[in-house]
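J.: Take this structure first; my questions come after.
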Amino acid sequence: MNNTKDGNEEKEELESKSFKALIHRIWANTKKEVKVLWNDRFAMILLFLLPITLVFTINFSTSGIMGDGSSNLQVPAVGVLDLDESKGYNDHDLSKELIKIYEDYEAQGKCILYKDYSKSELDELLGKGEIDIYIIINDGFEFNLSIHFVGFLEVKIDSYNQLKLQSVESFLDESTTKFEDTFNLQGAIDQNITYVNVPERATKLFQVSPLFFPIVIFSMCCLVNSQSIIGDIPKDRMVLTPTSKKEILLGKILGSVIINSFMVAALWGLSLGLGMETRGDISTYFFILWTCSLAGTSIGLLISAASKTSLAAFQLFILSFISQVILLLFIEEKYILMFFPIWSTMRLMTEVILQGAPLLSSGFIIPYIFLLWGEFLIFSLLAYLIYKTKRSLI
């Protein structure tokens, strides 16, 4: 009886020691990864100096953020409401002729039209970010033009997205000019333009933040971690203490999370310190950026585990990053875009932080925040499974 009791106590003591040893080894690997990353000057420049420099450059710049070529890839969503019932201009219904011009632009792929909505519905669509601009042709538009008076258009533009803003303004100017030239009414259209979502401070940073922060955080975390496993081959980064690959990978993940958290905190604090206004909670703002860094970390580790050389890892990173950016510009299907961490974070930034929607309400089929965490777990698991099959370095 006593022998059985002593045996159970000894077994529990061994299990306790084994668990403590496991935690100790994981923590030792974590500290090693933090030390390696911290001493890697190039990695620190990528994670801290470069993003902070970009934030200052954007915030204090006086010119446009993006070139005209980039803005042309962003097709504006345009709401149109025709309230004009007046007559007086020969055989033409001028309000309908103007809408035909908008329809021609849509047929050419230069805009997406939203018709048959009331003013309150258009305001709601604009508030949700589903349209970028709406144009109301008020009653008396044709009559005023027929007596050589000014025809008024009521225009409201959502200006939070700098890429779309340039495309919207270009569309509005071109379509109005085409209408004036067609009916020889040069200078006869007066646009009463109202901009919404225009912050008083850090305007440019506010406008580019939905795209800028996800791209910078994801790319920097992914790039640095894409060299993490493959970088263990040199002698100064080999693991010299007995440990398993699972513990090594956990150490790499935790070490990267610690370093990346400082980078995210720096960008988060800097953007708020420069006066960027948010409608969402600032702690939720940090959580979204931090979650984006987790996705970048896990994909970087997967790339590193799947690569045989540092050059191959860098090439895979370029492929994963560039493909995301290109697809963001050229496709609109949410059921495809939702699986891209940059796009999911961009939607969270737009809807939750800039527009003030609840965190779990931002999503397509499932909340985007769950998608990002799911991708972090799945890619981390895939990285471990691939890493497990590699030749041991210990």
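The values are calculated or read from the model by the stated rules, or taken from the named source; none is laboratory data. What you see is a predicted model; the values in this text were computed from it and never measured. Here Cβ is always computed from backbone atoms with ideal geometry, including for glycine, and neighbour counts include all displayed protein chains.
J.: Looking at Y134, Y195, which one is modelled with pLDDT of 90 or more and either assigned by TED's automatic domain parsing to the domain that holds L81 or within 28 Å of the chain's Cα centre (by Cα) (or both)?
T.: Just one listed residue meets the conditions, Y134.
J.: Take segment 180-194 and flag every residue that is β-branched (V, I, T) and closer than 15 Å to K100 by Cβ.
T.: T182
J.: Can you run down the residue pairs with Cβ atoms below 7 Å, 6 or more apart or on separate chains, where the first is in segment 80-91 and over 19 Å from L185 (Cα atoms) and in the same structural domain as Y105 (by TED's automatic domain parsing) and the partner is assigned to a loop (DSSP other than H, G, I, E, B) and not hydrophobic (A, V, I, L, M, F, W, C)?
T.: These pairs meet every condition: V80/K115; L81/Y117; L83/N138; L83/D139; E85/D139.
J.: Of the residues S146, S120, S159, which single one is free of Cβ contacts under 8 Å to residues at least 40 places away in the same chain and of a type in the set (G, A, S)?
T.: The match here is S120.
J.: Kindly evaluate I26 against the criterion of being out of contact with any Cys (no Cβ under 7 Å at 6 or more places or on another chain), more than 30 Å from S226 (Cα to Cα) and either modelled with pLDDT of 70 or more or assigned by TED's automatic domain parsing to the domain that holds G151 (or both).
T.: Here the answer is no, as I26 does not meet what is asked.
J.: Of L311, L270, L249, which residue is aliphatic (A, V, I, L, M), within 22 Å of K32 (Cα to Cα) and at pLDDT 80 or above?
T.: Exactly one residue qualifies, and that residue is L249.
J.: Checking the conditions here, which among I353, I386 is more than 15 Å from the chain's Cα centre (by Cα) and surrounded by 13 or more Cβ atoms within 10 Å (Cβ to Cβ)?
T.: Among I353, I386, only I386 is more than 15 Å from the chain's Cα centre (by Cα) and surrounded by 13 or more Cβ atoms within 10 Å (Cβ to Cβ).
J.: Still on this structure: Out of all the residues in segment 272-331, which are among the aromatic types (F, W, Y) and loosely packed, with under 14 Cβ neighbours inside 10 Å?
T.: Scanning segment 272-331 gives a single hit, F330.
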